[in-house]
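Heads up, the thing below is written out as structure tokens.
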């Protein structure tokens, strides 16, 4: 009886590292197989293996899917490179009849990574992975429990989840949950909820503000709340995008089929709902916001509600924001691709037509020849005073639109626009990747942080840099794309291997100001050291104090202070406020001067809580008070810290800074703080500064006070801004992997793969790239070499797919003279994108392939 390999494997257990043989099956002595190098860890695709001990017969090596990628006459050793599907591979020796003489299993696996000679780009990929995994400082995923199922999401907003998914799909195995959750909760008319948060059954802010027209619902017995900001018009598009990326990464056609009816319903909703669809322009519309953001302008918040997230039909001003529409066109094309893939081509045609129609209408309305105009009001009489010419503003969705299927000519124009912004951007800007440029100087101040050159209103965004780089690589601006990524690496290096999404968009100048130092000698009652008879020591902590604090005229954080030398004032060197014995509960310091702000040099006895009240008493009898609270305007003297290493800004809003610290005798540092307090009535004369202790034994220690003629200002430690989840930096990962490294999934689970290495643009001569979907095991791996001495480019590659489209970027003014594939001479064609030239060919078949281009 003839027995094939699978019959033998069912009958005989495999012995790891040794021969799988049975003399009764082969009527002879079975060979003993072994592999070099011997290892306990899995082999990677492209690794070279030596198979020893085969003897005679035929050697067949199969991947985990049962596909043979090596079939050769036995030799000792047989040298081959690993290829094919990940998992357990098997090397078998067959006799002339095809019976298995011996088999040896070995494990194959890989992970997404880049290795290249400069170290810049592989380091950046590591930094982005760290950022995506660590930005929420708790876990790389959030969880939602619904109907006895626990769902994992990168972020519990479908918008943020999708943008993070762009990079995390290459690292994380569980991707379906987010789509499952938002599909399961889809509103009856097709609307997709934006987010889901814990709540209680009682009515809350969002019940109050979103309660009209069914924009909020309670689930899970009232302990979870589904919300949709009424102003948002991008949610359905991002849901489709998440579905699309998840299908690509998992390759699960059956799961995808089950989601398509809901996806169709979602896009039809987006083109019919009056909050989303403009009857006038037959395009998507929204209230007046900054690009795709969820808060309206200040003047629009006055129309019926002070909530930044709401709009009202018939009351709010609506207009066409181009980004909603390029996103809709992209979503329609993605949906059409999925429908076609599962055999629903008739329905796919509807969405192809929708995409084309939307694109045509939008181009006529919003394309100005260089970029898309930000927002076009439906009401021609609505002309808000925003402090900038809105027709000249370039907003972030221009960079995103480059990767949404708009024409090559428009992509080139947008790329040139960003290059122009780089030439003219303000001094101190970290890059041309603005949320909007120039920013709104008026009418967008009420939403936090509400500052110009911060957040989306003129902040510089690394996610925009990623989208711009991705488009640059695709449209003939490869060197610009590589330069963008190098600059992102430099930013990550400044932030200790972490890449923040949002940076301040312009340098900050120290304001002109004058200071008036105040004398605390008459109200001081405590020592900074051990104390003296009748004078309590520093916070009463025996043996630990601030006796080494510099005294006299000092400057801390740019603020001058007069610090009392203890010996010159009977050891009364500071004002100690507390209900504890020896301190005072209240004190008043005469001032009789005007000021825009007041700075205190002070510290608290412990880390948390409230420590007192600080009051500006005016000469006209009025007053202004602030509570002295930990981490708001005071900090603990023991192990002091401030915002210097924090991941959130904006730094220009700092009101508390570490002024002085010192470590001694191996103990933690001791220190004091400079804190700024705004005077809301700078035109009024301040008669006195009053200090009042909090109840309990906590101590508030004030060492100095200074008046200032300008509002509170501390020079920023860095250019960190805030407001956006740092997981959005997934865009930089996809620019690296799909743009510079050039690995793109043209099918699903890399069933068809495009490999377009663009290392020439980065000056990198050798690189090794692996791109993998853990959700399916689909992958592509290649080794690239550009030997300038030999004028030769070599590309060795493999993957789970059977079809590969190769597009190799060539050195300038070079073209292939000869080419070989797997040792056979071939013809390759060339294509030109702008000034860039690519060698192009199609390769079919599993296994390891080797392309050599002699230039």
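Tell me, yes or no, whether the stretch 762-771 has at least one residue that is closer than 16 Å to residue 747 by Cα and modelled with pLDDT of 95 or more. Checked against the condition, which is being closer than 16 Å to residue 747 by Cα and modelled with pLDDT of 95 or more, the stretch 762-771 yields at least one hit. Within the stretch 461-482, being out of contact with any strand residue (DSSP E or B) (no Cβ under 6 Å at 6 or more places or on another chain) and assigned to a loop (DSSP other than H, G, I, E, B) holds for 475, 477. Per this entry, residue 186 is not counted among residues that are in contact with a helix residue (DSSP H, G or I) (Cβ under 7 Å, 6 or more places away or on another chain) and either assigned to a strand (DSSP E or B) or modelled with pLDDT under 95 (or both). Of the residues making up the stretch 667-677, at least one is over 16 Å from residue 554 (Cβ atoms), out of contact with any helix residue (DSSP H, G or I) (no Cβ under 7 Å at 6 or more places or on another chain) and free of Cβ contacts under 8 Å to residues at least 60 places away in the same chain.
With respect to (1) in contact with a strand residue (DSSP E or B) (Cβ under 9 Å, 6 or more places away or on another chain); (2) crowded, with 24+ Cβ neighbours inside 10 Å; (3) assigned to a helix (DSSP H, G or I), the lone exception for residue 432 is condition (3).
A quick yes/no check of all residues on (1) outside any strand (DSSP E or B); (2) within 30 Å of residue 765 (Cα to Cα); (3) more than 14 Å from the chain's Cα centre (by Cα); (4) touching a residue at least 40 places away in the same chain (Cβ under 8 Å):
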residue	(1), (2), (3), (4)
84	yes, yes, yes, yes
90	no, no, yes, yes
103	no, no, yes, yes
106	no, no, yes, yes
111	yes, yes, yes, yes
127	yes, yes, no, yes
145	no, no, yes, yes
166	yes, yes, no, yes
174	yes, no, yes, yes
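Can you say whether residue 796 is part of a strand (DSSP E or B) and surrounded by fewer than 22 Cβ atoms within 10 Å (Cβ to Cβ), as far as the supplied structure shows? Yes; evaluated as a whole, the condition is true for this residue.
If you check 520, 485 for being outside any loop (DSSP other than H, G, I, E, B) and either at pLDDT 95 or above or within 30 Å of residue 296 (Cβ to Cβ) (or both), only one passes: 485. Scanning the stretch 692-705 for residues that are part of a strand (DSSP E or B) and crowded, with 24+ Cβ neighbours inside 10 Å yields a total of 6.
Just to check your reading of the model, which residue among 669, 595, 619 is at pLDDT 95 or above and farther than 30 Å from residue 453 by Cβ?
Answer to the selection: 619.
The values are calculated or read from the model by the stated rules, or taken from the named source; none is laboratory data. Keep in mind that this is a model prediction, so the values were computed, not measured. Cβ sites come from the backbone with ideal geometry, for glycine too, and all protein chains shown count toward neighbours.
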